[in-house]
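Colleague: Please read through the structure below; I'll follow up with questions.
The values are calculated or read from the model by the stated rules, or taken from the named source; none is laboratory data. Model, not experiment: these values are computed from the prediction. Reconstructed Cβ throughout: ideal geometry from the backbone, glycine too, with neighbour counts over all protein chains shown. The accessibility values were calculated without ligands, DNA or RNA, using every heavy atom of the protein model including side chains. Shrake-Rupley method; radii C 1.70, N 1.55, O 1.52, S 1.80 Å.
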Amino acid sequence: MIRCQIIARPLFLVFAVTIATLIASAAQAACTGVVAGRLGPMRLVAAVPEGAVSITFLGHSSFLIESPAGVRIVTDYNDAIRAPVTPDVVTMNNAHPTHYSEWVEPGVKYVLRGWDPAGGVASHHRDYRDVRIRNVPTNVRELGGTRYNGNSIFVFEVADLCIAHLGHLHHTLTPQHLARLGPVDVLLTPVDGTYTLSHDDMLEVIESIRPALIIPMHYFSGRSLETFIADVAGRYPVRRNDTPSIALSRAALPKRTEILVLPARSFY
């Protein structure tokens, strides 16, 4: 009976598969495509507009990202800086004490490491409710050589935005890296100028990605942040937020690239 049904309706099946493929392709191209969850949001940001994503700078390179459906993500989850709420997903870009933890709190559903502890290449494509998370591996310099694929740029596709966290980036990006990244709207950018990249090299990275919004991170004092801002003076306007949290939507993105400074809870 099943075979007869398939033979009797080949055009319907071809049509259905074609439509499904087009929808999936369009969703991927738009940097969205995950079905929203049923539960309502719970955020640290007050009065978040419907459909917006909230980003809270916890300090160093850790952010709390909260989706419209209430999914909570903490980047560079570590032992020193924790969010005031338990996240659903944690990412750890690099196996360094300020960027990862072996002690993950109960309640975290997914732990995504930017390196493969077994020595391979980390590969993540995680869909959870209204969020899609993927990674682009990069290399890490260290004494005596290079640790290949030791860091990942994590990309969070949420609320019709692509948010990329560069992690502990140690080199400029190749065309292959950029192709895997795709369009980026919000770039969480290390600006220490030494441990990751010089400001000149980081500017090259920013200009190759061309995000709408640059949010500085991974600075160890207000002075190092201001040095970065001075070094890019005239290239991008700078906006300073009064609080560590902001709600973002596609409609609210600036028309040209700008720097948004979120005050850190900790410079650590």
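Colleague: Does the range 153-166 contain at least one residue that is within 24 Å of Leu262 (Cα to Cα), outside any strand (DSSP E or B) and open to solvent by less than 20 Å² (accessible area, probe 1.4 Å)?
Modeller: Yes: the range 153-166 contains one or more residues that are within 24 Å of Leu262 (Cα to Cα), outside any strand (DSSP E or B) and open to solvent by less than 20 Å² (accessible area, probe 1.4 Å).
Colleague: Here's a follow-up. Return yes or no: is His170 surrounded by 14 or more Cβ atoms within 10 Å (Cβ to Cβ) and over 15 Å from Met92 (Cβ atoms)?
Modeller: yes
Colleague: Of these, Leu225, Leu260, which one is under 18 Å from Ala164 (Cα atoms) and not polar (S, T, N, Q)?
Modeller: Exactly one residue qualifies, and that residue is Leu260.
Colleague: Go through the range 212-242 and give me each residue that's surrounded by 13 or more Cβ atoms within 10 Å (Cβ to Cβ), farther than 14 Å from Pro190 by Cβ and in contact (Cβ under 8 Å) with a residue 40 or more places away in the chain.
Modeller: Ala212, Leu213
Colleague: Sort out which residues of the range 209-249 are farther than 19 Å from Phe63 by Cβ and among the charged types (D, E, K, R), and write them in order of number.
Modeller: Answer for the range 209-249, where residues must be farther than 19 Å from Phe63 by Cβ and among the charged types (D, E, K, R): Arg210, Arg223, Glu226, Asp231, Arg235.
To keep it simple, each residue is scored yes or no on (1) surrounded by fewer than 18 Cβ atoms within 10 Å (Cβ to Cβ); (2) acidic (Asp, Glu).
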residue	(1), (2)
Ile73	no, no
Asn78	no, no
Ile81	no, no
Pro84	yes, no
Asp116	yes, yes
Ala122	no, no
Arg132	no, no
Asn135	no, no
Thr146	yes, no
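Colleague: Another question about this same structure. Pairs, please: C-beta under 6 Å, at least 6 apart or cross-chain, first residue under 22 Å from Pro97 (Cα atoms) and at pLDDT below 85 and in the range 189-204, second assigned to a strand (DSSP E or B) and not polar (S, T, N, Q)?
Modeller: Sorted first by the residue in the range 189-204, then by its partner, the pairs are Thr196/Pro190.
Colleague: Right, something else. Those residues that are open to solvent by less than 10 Å² (accessible area, probe 1.4 Å) and in a helix (DSSP H, G or I), I need them from the range 179-202; list them, please.
Modeller: Result: Leu181, Met202.
Colleague: Here's another thing I want to ask about it. Could you tell me whether any residue of the range 98-116 is closer than 24 Å to Pro175 by Cβ, at pLDDT 95 or above and in a strand (DSSP E or B)?
Modeller: Scanning the range 98-116, I find no residue that is closer than 24 Å to Pro175 by Cβ, at pLDDT 95 or above and in a strand (DSSP E or B), so the answer is no.
Colleague: Need the failing condition index for Gln176 against (1) of a type in the set (S, T, N, Q); (2) closer than 30 Å to Gly51 by Cβ; (3) open to solvent by 30 Å² or more (accessible area, probe 1.4 Å), just the number.
Modeller: Failed condition: (2).
Colleague: Let me ask something else about it. Considering each residue of the range 203-248, count those that are part of a loop (DSSP other than H, G, I, E, B) and among the small types (Gly, Ala, Ser), and give that number. Give the derivation first.
Modeller: Residues of the range 203-248 that are part of a loop (DSSP other than H, G, I, E, B), as a first pass: 210-212, 218-221, 232-237, 241-244.
Those left that are additionally among the small types (Gly, Ala, Ser): 212, 221, 233-234.
Number of matching residues: 4.
Colleague: Okay, moving on. So which residues in the range 167-178 are touching a residue at least 24 places away in the same chain (Cβ under 8 Å) and part of a helix (DSSP H, G or I), if there are any at all?
Modeller: Those that are touching a residue at least 24 places away in the same chain (Cβ under 8 Å) and part of a helix (DSSP H, G or I): His177, Leu178.
Colleague: Has the range 87-102 got any residue that is in contact with a His (Cβ under 9 Å, 6 or more places away or on another chain), open to solvent by 40 Å² or more (accessible area, probe 1.4 Å) and either closer than 26 Å to Ser245 by Cα or among the acidic types (Asp, Glu) (or both)?
Modeller: yes
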